[in-house]
Amino acid sequence: MSRHQMPVPFADDLLVRVAGLLLAELPGADQGDLAEALVLLPSARACRDLGHHLLEQSGRDALLLPRIVTDSQWADERGSALGLDDVSLPDDRIRAILLGHRLRGTDWLEGGDAAAPGLAEAFVSFFDEVRRHHLTDRILVSDDAEPLIELARAADAETVAA
């Protein structure tokens with residue numbers, strides 16, 4: 001599947017313009033077949049409206065529409081196709097709250113329960129950064145902390161030098 005980007009000026013009605021571009025650019029549009037395309041839009045309402053604009057602008061009684069989905073619907077479909085289970089993953093907005101709740105009452109937490117929310121935010125940021133840099137194997141699997149300490153020292157040195 002090839003990707004095609006089409007710039008749309010802000011002054012234009014986005015969905016009307018996208019419908020026109022799809023009908024003009026897609027192979028098969030002249031036969032009323034747009035099924036080869038995938039269109040990602042921010043809301044279900046926009047998806048529905050684009051379908052109406054396509055049918056209206058085509059001048060046909062029937063039209064094979066492209067796949068028109070929201071980005072989150074598309075991500076869910078891709079996750080399912082890859083066998084990823086997102087049911088067990090908490091929403092990004094509440095990860096720190098859940099972790100903070102788990103940290104409360106631990107006897108090793110310096111500063112008591114009041115320190116839990118801040119520490120939870122720091123942990124969430126840290127693990128996001130670890131994943132972003134593909135270092136999870138060093139953090140989650142390794143029994144030897146020395147390489148991690150060396151990485152931390154190097155990171156501190158870069159921060160101080162900058």
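Each reported figure results from applying straightforward, stated rules to the coordinates on display, with no laboratory input. Quantities reported herein were computed from a predicted structural model and do not represent experimental measurements. Methodologically, a virtual Cβ is constructed for each residue, glycine included, from the backbone with ideal geometry; neighbour enumeration extends over all protein chains shown.
For the pair ARG132 and ALA35, what calculated FRET efficiency results from E = 1/(1 + (r/R0)^6), where r is the Cβ-Cβ distance and R0 = 45 Å, to the nearest 0.05?
Details: r = 36 Å, r/R0 = 0.81.
The computed FRET efficiency comes out at 0.80.
Return the Rg/Rh ratio of the stretch 10-134 with Cα-based radii and a Kirkwood Rh.
Looking at the stretch 10-134, the ratio lands at 1.25.
How much net charge surrounds HIS101 when only other residues with a Cβ under 12 Å from its Cβ are counted (Lys, Arg +1; Asp, Glu -1)? Walk me through the numbers before you get to the answer.
Working: positive: ARG95, ARG102, ARG104; negative: ASP113.
Value of the local net charge: +2.
Give, in nm to one decimal, the length gained when the segment between ASP76 and LEU21 is fully stretched (0.36 nm per residue of separation minus the Cα-Cα distance). Please report the intermediate quantities before stating the final value.
Numbers: separation 55, 0.36 × 55 = 19.80 nm, distance 2.69 nm.
Value of the extension gain: 17.1 nm.
Suppose every K and R has +1 on its Cβ and every D and E has -1 on its Cβ; what is the size of the dipole of the stretch 14-81 about the Cα centre, in Debye to the nearest 20? Don't skip to the end; give the middle numbers.
Numbers: 6 positive and 10 negative charges, 38 e Å.
The calculation lands at about 180 debye.
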